Amino acid sequence: IEQARVGDVNNGGNIATNASGTQSKSVKDFTMTFTGYGPAGKVEVGTFDTKSFTYAGLSEGGLPQNAVATFDVRTVNTGKEGLNKHLCADDFFMCEKFPESKFVVTNVEQVPGTSYIFSGNLTFMGTEKSITFTANKIDGAFVGEFLLDITSFNFKYVGVDPKVLIKF
């Protein structure tokens, strides 16, 4: 599994504003799942509810223009109420202080086949960083998975692997 590249915020790219205005895509059509790795190899899978997913339209090549996905971190759901509360606590994701996470696409580049390289700015736990990852277009939808080192976003909880698997 590819590790996302994380760096300073990127303010440029090939995403152009579409004069027709912003369209909303149904949040039911966009799901983000995370897998965290705890002590002794323990694996926990969860989701955050999508608060919104918008884009200004599609390019001639079918690429999203000005896409922004916003997640409500307070809705963390692992299927385990106690774990959900722990993940929202001030010593973990700090959900009350940082209730939203946002990904703003700044660049999409098609590579051979059905693969695309997405770059954008991710805000998580109050820190904004540029990330780059690969996704595939399958049946008209972008799907992908990558490892994200959340220590780049000031995550400091001891005892868990800071690399989280993100799937969408």
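In the full protein assembly as shown, how much of ASP91 is accessible to a 1.4 Å probe, in Å² to the nearest 10?
90 Å²
For the charge dipole of the chain, defined by +1 on Lys and Arg C-beta atoms and -1 on Asp and Glu C-beta atoms about the Cα centroid, which residue among GLY41, GLY144, GLY79 has the Cα displaced farthest towards the positive pole?
GLY79
For the chain, the longest stretch holding no trypsin sites (Lys or Arg not before Pro) located in a DSSP loop with at most 14 other Cβ atoms within 10 Å is which?
Working: sites that count: LYS42, LYS80, LYS97, LYS156.
It runs 98-155.
Hey, can you find the accessible area per residue of the stretch 101-150 for me, probe 1.4 Å, expressed in square angstrom?
Numbers: 2030 Å² over 50 residues.
The answer is 41 Å² per residue.
Keeping every protein chain in place, order SER119, SER152 by accessible area at 1.4 Å, biggest value first, i.e. largest first.
Values: SER119 15, SER152 35 Å².
So, going from the largest accessible area down, we get SER152, SER119.
Quick one: which of LYS42/LYS102; LYS80/LYS137; LYS102/LYS167 span more than 25 angstrom between C-alpha atoms? Could you put the intermediate results ahead of the total?
Working: LYS42/LYS102 27 Å; LYS80/LYS137 32 Å; LYS102/LYS167 15 Å.
Beyond 25 Å between Cα atoms: LYS42/LYS102; LYS80/LYS137.
Separation of the stretch 62-76 and the stretch 140-168 by C-alpha centroid, Å?
Distance between centres, Cα-based: 15 Å.
Sort CYS88, CYS95 by accessible area with a 1.4 Å probe, largest first. Mind dumping the intermediate values first?
Values: CYS88 30, CYS95 0 Å².
Reading off the accessible areas and sorting them downward yields CYS88, CYS95.
Which of PHE103, PHE92, PHE146 ends up with the largest GNM mean-square fluctuation for the chain, with Cα atoms connected below 10 Å?
PHE92
Counting Lys +1, Arg +1, Asp -1, Glu -1, what net charge surrounds PHE92 among other residues with beta carbon under 13 Å of its beta carbon?
Details: positive: ARG74, LYS85, LYS97, LYS156; negative: GLU44, ASP90, ASP91, GLU96.
Net charge in that neighbourhood comes out at 0.
With every protein chain kept in the model, how would you rank VAL105, VAL68, VAL158, VAL45 by accessible area, 1.4 Å probe, largest at the top? Please list the in-between numbers first.
Details: VAL105 15, VAL68 35, VAL158 125, VAL45 75 Å².
Highest to lowest solvent-accessible surface, that is VAL158, VAL45, VAL68, VAL105.
Based solely on its DSSP helices, what 222 nm [θ] is calculated for the chain when runs of n ≥ 4 H residues each add -39,500 (n - 2.57) and the sum is averaged over all residues, nearest 500 deg cm²/dmol?
Numbers: 1 runs with 8 residues, N = 168.
Here the helix-only value at 222 nm equals -1500 deg cm²/dmol.
To the nearest 20 debye, what charge dipole does the chain have about its Cα centre, counting +1 at the Cβ of each Lys and Arg and -1 at the Cβ of each Asp and Glu?
Once rounded to the nearest 20, the dipole reads 140 debye.
In whole percent, and with a 1.4 Å probe on the protein chains, what portion of the accessible area of the stretch 92-168 is carbon and sulfur? Don't skip to the answer; put the middle values down first.
Numbers: 1900 of 3570 Å².
For the stretch 92-168, the apolar C and S fraction of the accessible surface comes to 53 percent.
The values are calculated or read from the model by the stated rules, or taken from the named source; none is laboratory data. All values reported here derive from a predicted model rather than from experimental measurement. Using ideal geometry, Cβ is built from the backbone for each residue, glycine included, and neighbour counts are taken over all protein chains shown. Remember, those area values only see protein heavy atoms, side chains included, never the ligands or the DNA or RNA. Shrake-Rupley method; radii C 1.70, N 1.55, O 1.52, S 1.80 Å.
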